[in-house]
Amino acid sequence: MARLPETIKAGLSFSLTLALADYPAPQWQARIILRGPASIDLSSEPADEDHQFSKTPTDTAAWKAGDYW
């Protein structure tokens, strides 16, 4: 299974694919909820049975810098 990168740089594209065998897409949707200087909520799109997260450089440019959990 893929892991979130330790650093996501604002202004660059972000892409992550999660393979969750017990929770396959499209029957399930995965979410990433980041909290820190701002709230960032990401929802997956199905990629066969995997969960694909993608954000454009324009999207990530608006993300505030700082530590998220």
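Some observations on this one:
- For the residues Ser15, Ser43, the requirement of being open to solvent by 80 Å² or more (accessible area, probe 1.4 Å) and either touching an Asp or Glu at 6+ places or on another chain (Cβ under 6 Å) or not aliphatic (A, V, I, L, M) (or both) singles out Ser15.
- Selection from the range 46-58 of residues that are touching a strand residue (DSSP E or B) at 6+ places or on another chain (Cβ under 8 Å) and either among the hydroxyl-bearing types (Ser, Thr, Tyr) or open to solvent by 50 Å² or more (accessible area, probe 1.4 Å) (or both): Pro46, Asp50, Ser54, Lys55
- In the range 18-40, residue surrounded by the fewest Cβ atoms within 10 Å (Cβ to Cβ) [restricted to those that are small (Gly, Ala, Ser) and closer than 17 Å to Ala65 by Cα]: Ser39
The values are calculated or read from the model by the stated rules, or taken from the named source; none is laboratory data. Since the structure is predicted, the reported quantities are computational estimates derived from the model, not experimental observations. In this analysis, Cβ positions are derived from the backbone assuming ideal geometry, glycine residues included, and neighbour counts consider all displayed protein chains. What goes into the accessible areas is simple: the full protein's heavy atoms, side chains included, and nothing from ligands, DNA or RNA. Shrake-Rupley method; radii C 1.70, N 1.55, O 1.52, S 1.80 Å.
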